[in-house]
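The values are calculated or read from the model by the stated rules, or taken from the named source; none is laboratory data. This one's a predicted model, so the numbers in the text were calculated from it and none came from an experiment. Positions of Cβ are backbone-derived with ideal geometry, glycine not excepted, and every protein chain shown enters the neighbour counts.
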Amino acid sequence: MAHLHSRLRADKEPVVISKNRHISLLLAVGFVLLLFPNRSEALPQFSRRYNVKCSACHTIVPVLNEQGMLFQRLGYHLPPALSNGGVSPRLSEILDRSKWDITNNASFAVTDFSYSAERTTQEGQAPASTSAFQVGSWNAYFAGWIPDTGFFYHAEFDIVSGGATNPDLSNACIGYGGGTVRNSWYLVGGREHLQVAQGTRAAQIYSLLPSSPSLFETMGPTNFIFDQSPVGISAGYTHITSNYKHVFAASAKVTNGDNADGSEILGPSARNSKSFWADVDYWYAPESGVTFVDYYGKKDNLQTDLTGNSFTFQPVIRRQGVFGNYKLLSKVDFLGGWMHSHDGWVAPDGSSASFLGNDSYAAIDYYIVQGLAISGRYDLLHQKITGDSGVGLQSNHKWTIGGSKTLTPSGNIIGRIAYGYQSGRDPVAAVKGTDRLFQTDIAFNF
Amino acid sequence: MKTQLSIRILSGVFSLAIVLSTGTGAAHGQFTQNRDTIKIDTAGLPPEIHKDFRVFQAKCNECHGLDTSLKPSLSAAQWASEVKRMQAMASAQFNDRDADQILKFLRYDEEHRKAAARAAVSADFGGSPEAIGKQQFESYGCSACHSVAGVGNTSSALDGIGSKRTAAELRKAVTSPASGSAMPPMDVPAKDLDNLVAYLLALK
């Protein structure tokens, strides 16, 4: 969805946005986010390379388990056994010596076919209903390792996103990993999804439900969205104890940041300020953990004054969050997160203010048997614009229920069904809107 | 506009060509590698072993197909080492009690089903050492990790191995693999090893 989102934003030139149009844009973005199923994100070539099921690294695709996250942090190498007293091998010593070929480095058909039906309402407008069968996404991945080196790479080519054919290279990065399995580090450069391989499960954008937690995918009034694929460099460190009982990890990233319309800056830009992102993670086996996230950036933003003319200002964008999950008896996963937003804001009358948000979610995934789960999630957004131009604290509530089932022994074909209801007012003009969405899709990962 | 449309069409055709030429093979590989071919006669298992089998089935099948464990033939000590190694993997979610139950089933399976299969090969097959070795390649479960002529696990093909390795090297590779290798040392009787090596040497 982030890729769809960034594509939608990248296709648009910055425009002058009046207050009402701003609201409409926010609602339209929300509509788009809800209508289209989430991206498929799975790399089947790794399953082929290691002769394991998808469930070796995923609870159910696309949700990563602890091994899947560590697989990425170790430069796409399967974490080896780490027993008490055992010598920790260097990453170079666990390099896979199987023959490099295209089938264990590329996947060309990561796709989903979906049906969705939606009804939206908005104050002052007639209700709208839509429904659609569509090929939601079709992505190709090229990811793996360079034989006999510590280099690894990851590229994602989106052929279809959000039901529309629009080729886009949404991820393209190369990295190097070193150290030992117990104490490893990596350095990555290129266009990389903000949260891939970073954060414990509750801090990941992927969920068993087709949509991600709202706090990751809701665009703020400053045209900022947390989920993005910027260009930059990132570095990480991981410490693992015996039997993977405890894992401590930290990551940091410097990126180009966003354009005024919220699209990622992919090349040279007159705006020289960068965005900084960091996380600290602690995994507690089996499959539980906590993550602290911090984001700081500065971007251009377009606003319309009282006379209808547009002006640009540079808000500082800040996000701080804490996320955690606890998996009980390998069956029930309790997840939750809270993120605080604090962005600069200039009102139409020219007065300075702030956009404040305290957004949270709570979710339960119940794995009935391997490959079958039911899920429920509640999202709550508390947001406001400070100062005289603000309309007070506004809330958005959303609850979603659904189920996922793998349809093959490998776990590479997944069926999902979900229903969600959202209700609330936007923080800029307090216009009320509701959204009911039914989604079902089948995702293929070859 | 026409250029953009042409690029999109070309991209689509190119992608489709790649999928048809490569993706289908990959997909086939992925489907087959985790499809279990060995069926355990659970009705014939003693009640206690049946419980152990269920733990084995539930825990081991989370990450890989059961054939991965049901094909290879290892000694009791090797299975103990292998289960301990699996328990120390990041995705392992089984405790010491589960590990004991898994080990009990694997030992039972080794002493009954696999032993019977090996005995059948030795008793019924009176062909050349290469031919017997080919049968033993299957009965020892080598195809769980290796393939010959595209049959078995293609991630480690042994085609042409006979022209790359000597008999001594192959013996060592089977019984004492290099450290760091994913292959466990195989506890193979001398006669069976002779036949296996003869078969591998014939793969030229």
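Quick notes
- Residues within the range A:118-143 that are in contact with a His (Cβ under 9 Å, 6 or more places away or on another chain) and surrounded by fewer than 21 Cβ atoms within 10 Å (Cβ to Cβ), tallied: 2
- Qualifying residue in the range B:82-99 (condition: touching an Asp or Glu at 6+ places or on another chain (Cβ under 8 Å), crowded, with 17+ Cβ neighbours inside 10 Å and more than 14 Å from every other protein chain (Cβ to nearest Cβ)): no
Conditions tested, residue by residue: (1) crowded, with 16+ Cβ neighbours inside 10 Å; (2) within 20 Å of A:Ser212 (Cα to Cα); (3) within 14 Å of another protein chain (Cβ to nearest Cβ).
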| position | (1), (2), (3) |
| --- | --- |
| A:Tyr367 | yes, yes, yes |
| A:Leu380 | yes, yes, no |
| A:Ile385 | yes, no, no |
| A:Ser389 | yes, no, no |
| A:Ile413 | yes, yes, yes |
| A:Gln422 | yes, yes, no |
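- Residues that are over 14 Å from A:Thr291 (Cα atoms), touching a residue at least 12 places away in the same chain (Cβ under 8 Å) and either in a strand (DSSP E or B) or not polar (S, T, N, Q) (or both) within the range A:319-339 comprise A:Lys327, A:Lys331, A:Val332, A:Asp333, A:Phe334, listed in sequence order.
- Filtering the range A:49-59 to residues that are buried (at least 24 other Cβ atoms within 10 Å of the Cβ), touching a helix residue (DSSP H, G or I) at 6+ places or on another chain (Cβ under 9 Å) and either of a type in the set (A, V, I, L, M) or assigned to a helix (DSSP H, G or I) (or both) leaves only A:Cys54.
- Some residue of the range A:244-252 being within 14 Å of chain B (Cβ to nearest Cβ), part of a helix (DSSP H, G or I) and among the aromatic types (Phe, Trp, Tyr): yes
- Selection of the range A:198-237 for residues being within 15 Å of A:Glu156 (Cα to Cα) and at pLDDT below 90 yields A:Gln228, A:Ser229, A:Pro230.
- A single entry from A:Gly337, A:Gly357, A:Gly297 fulfils the requirement of being within 30 Å of A:His58 (Cβ to Cβ), modelled with pLDDT of 90 or more and in contact with a Ser or Thr (Cβ under 9 Å, 6 or more places away or on another chain): A:Gly337.
Residues checked against (1) within 12 Å of another protein chain (Cβ to nearest Cβ); (2) over 18 Å from the mean Cα position of the chain (by Cα):
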residue	(1), (2)
B:Gln101	no, yes
B:Arg107	no, no
B:Glu110	no, no
B:Ala115	no, no
B:Gly133	no, no
B:Cys142	no, no
B:Ser147	yes, no
B:Ser163	no, yes
B:Ala168	no, yes
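- Qualifying positions in the range A:41-92 - on the phi > 0 side of the Ramachandran plot and either more than 8 Å from chain B (Cβ to nearest Cβ) or in contact with a strand residue (DSSP E or B) (Cβ under 7 Å, 6 or more places away or on another chain) (or both): A:Gly75, A:Tyr76, A:Gly85
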